[in-house]
Amino acid sequence: MTTAHSPLSAPATAPLDAATLWQQDKDHFIHPFTDFSVFHEKGCELITDAEGIYVQDVHGNRFIDGIAGLWCVNVGHGRAEIGQAMADQATRMAYFSTFNNLSNAPAAQLAAKLADLAPDHLNHVFYTCGGSTANDATIRLVHYYFNRLGKPTKKRILSRRNAYHGTTYLAASLTGIESNNWEFDTLDQLVTHLSEANMYRRPEGMSEEAYCDHLVNELTATIDEIGADQIAAFIAEPIMGAGGVLVAPRGYHARMQQVCRDHDILYIADEVVTGFGRLGHVFASGEVFATQPDIINLAKGLSSGYAPLGATLISDRLYEVLGTPQGKGGVLSTGFTYSGHPVSCAAALKNIEILEREDLCANVREVGPYLEQALASLAHHDTVGDVRGSHFMMCIENVADKATKALFPVEARVGDRVAHEAQKRGLIIRPVGHLNVISPPLIWTRDTVDTAVEILDQALAATSASLRQDGYL
């Protein structure tokens, strides 16, 4: 594979044996979301270096990172000051327990910083190791909250089809992407999935306002059917991520929250993807969607992927109950060995400092609409059914027929084809079935957008040609 880009500066380490690494990886590493129909033969491409908006594979080929690692490397790759902050903390004190009335400085400082950045009513932080564990821990805390209030029947969680909330056991049950849970067990007795808010595939002829009414009415009907006394919370991504970058109709989130309020149902915002700048604000819930969640869950952009870290932000109202002793000797008996890990918290503090110092949210607000417009120009391709999203969270939906919105058969692997053609030309994007996701580092410029969209234009043209050759068009 060759690209038009030169290699990154080589690190001062021994050269890597590409063949040995490839074999070791294939023989021993069970990758998340492994496609075993191709993995046993092809293995994986090894990314070894990264700098700014670029990543580089073991062979020295350089690519524009169009997915920010996995929605998360918001401040860009190779930030030496984050590495130094982690090193300084690791050499000073790498780890000590935060159980039993012990703590550490970075965890305390980060909690205070998050409370300062968050909406005014969210002043308390429960640390986890990532997004899945944040969502998992949140539901456990929600159930505990209602138990403490003497409402033990309030257990059911409302989620949405095509939502993504993680892959730990309970988080996977919250996740509404059907293919994610093929042959896996889920806790169906705890979770009810409502319709996703999919503007592209809403009922034919239905206006945006009527579609919003339709979705809100579904929530109300579901509450009436199950009973509000059985429902603990509704969890929603402000914009659905892995489920297709689905932007809800205007007013949807505020109206859904109000229905929840009216029925004593907690409103949980999963901002694992949208938090820390992807939509141009540190938090999207209030600034973009006019909501005041009872809980906001964070990960990914919290540390820009430099260290594993998740967090659940808890409202003052909930903390008043959670923070009340159960009785003599009673403890809040949940948490993780690595809750508030000092090295991860040090990375997050420096990451937030960079985000603020360079005003990357402003960059997203300026460059994001340009990215939206540039990607919209790709709609002329005969396989592009929809280009959607907001700011630095975008998606292309590939279809076999634009008029009917019919999909290609799974075996056509259309999303993989587009991603492969883009990568051959120097851009990494993410295939998700028939979709392609673009979620770049927040340091992309207009020039980067121009280069990326030019590559995508070529990739989509090449994909159409290959689909015709193989009889799919």
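Data overview
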item: Selection status of residue 314, more than 17 Å from residue 80 (Cβ to Cβ), out of contact with any Leu (no Cβ under 6 Å at 6 or more places or on another chain) and in contact (Cβ under 8 Å) with a residue 24 or more places away in the chain; result: yes
item: Selection within the stretch 344-383 - surrounded by fewer than 15 Cβ atoms within 10 Å (Cβ to Cβ) and not in a helix (DSSP H, G or I); result: 358, 359
item: One residue from 242, 269 being within 14 Å of the chain's Cα centre (by Cα) and in a strand (DSSP E or B); result: 269
item: Residues within the stretch 298-323 that are under 20 Å from the mean Cα position of the chain (by Cα) and part of a loop (DSSP other than H, G, I, E, B), tallied; result: 8
item: Close pairs (9 angstrom Cβ cut-off, 6 or more residues apart or separate chains): assigned by TED's automatic domain parsing to the domain that holds residue 219 and at pLDDT 95 or above in the stretch 247-260, among the aromatic types (Phe, Trp, Tyr) and in a helix (DSSP H, G or I) anywhere; result: 249/211; 252/211
item: Some residue of the stretch 210-223 being assigned by TED's automatic domain parsing to the domain that holds residue 298 and over 18 Å from residue 260 (Cβ atoms); result: yes
item: Residues of the stretch 59-88 classified as surrounded by fewer than 18 Cβ atoms within 10 Å (Cβ to Cβ) and of a type in the set (A, V, I, L, M), total; result: 3
item: Candidates 30, 67 - the one that is within 24 Å of the chain's Cα centre (by Cα) and in contact (Cβ under 8 Å) with a residue 40 or more places away in the chain; result: 67
item: Condition met for residue 449 (more than 29 Å from residue 34 (Cβ to Cβ), out of contact with any Cys (no Cβ under 9 Å at 6 or more places or on another chain), of a type outside the set (Asp, Glu) and part of a helix (DSSP H, G or I)); result: yes
item: Options 418, 387: the member that is under 20 Å from residue 458 (Cα atoms), of a type in the set (Val, Ile, Thr) and not in a helix (DSSP H, G or I); result: 387
item: Filtered residue count, the stretch 298-320, keeping only those that are of a type in the set (Phe, Trp, Tyr) and out of contact with any strand residue (DSSP E or B) (no Cβ under 7 Å at 6 or more places or on another chain); result: 1
item: Residue that is among the polar types (S, T, N, Q) and loosely packed, with under 14 Cβ neighbours inside 10 Å, where the choices are 98, 91; result: 91
item: Selected residue (criterion: nearest to residue 271 (Cα to Cα)) from residues of the stretch 206-246 that are touching a residue at least 60 places away in the same chain (Cβ under 8 Å) and of a type outside the set (A, V, I, L, M, F, W, C); result: 237
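The values are calculated or read from the model by the stated rules, or taken from the named source; none is laboratory data. Treat the numbers as computed from the prediction; the structure is a model and nothing was measured. Note that each Cβ is placed from the backbone with ideal geometry, even for glycine, and that neighbours are counted across all protein chains shown.
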